[in-house]
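To keep things clear, I will list the structure first and then write my remarks on it.
Read-outs throughout are calculated quantities, based only on the coordinates presented, and are distinct from any laboratory measurement. Since the structure is predicted, the reported quantities are computational estimates derived from the model, not experimental observations. As a convention, Cβ positions derive from the backbone with ideal geometry for all residues, glycine included, and neighbour counts pool all protein chains shown.
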Amino acid sequence: MYNVELPELPPDLAELLRRVLSGEEVIISQAGTPIARIVPIAEESLPRIPGLDKGKVIIAPDFDEPLPENILKNFLNPADERE
């Protein structure tokens, strides 16, 4: 990250843009308070494709079964404990 004060901005914006093109974030400040940020444009992500991870995720047959008591008791408030 490169921080520059407003009065110290280079007259040629290209210097700041070179830093941004190299992946650096540029913060412009006035009296020590950040007022603007110049960042590289993130590459657009590819559209989501349903089924792309088919076969990579396995859901156990008992996925939606109640938790065993020894695990469930860790989630209860002391006032709600079962006797």
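Suppose every Lys and Arg Cβ carries +1 and every Asp and Glu Cβ carries -1, with no other charges. What dipole size does the chain come out with about its Cα centre, to the nearest 20 debye?
Once rounded to the nearest 20, the dipole reads 300 debye.
Looking at the chain as a GNM with Cα springs under 10 Å, which of Pro61, Pro47, Pro34 has the largest mean-square fluctuation?
The residue with the greatest mean-square fluctuation here is Pro61.
Quick one: go through segment 1-23 and flag any residue whose amide nitrogen is under 15 Å from the point 7 Å out along the Cα-to-Cβ line of Ser29.
Flagged as within label range: 1-9.
For the chain, state the average projected area of the convex hull of the C-alpha atoms over all orientations, rounded to one decimal in nm².
Average projection, Cα convex hull of the chain: 13.1 nm².
Run the numbers for Arg37 and Lys54: contour at 0.36 nm per residue of separation, minus the present Cα-Cα distance, in nm.
Working it through step by step, the gained length comes to 2.1 nm.
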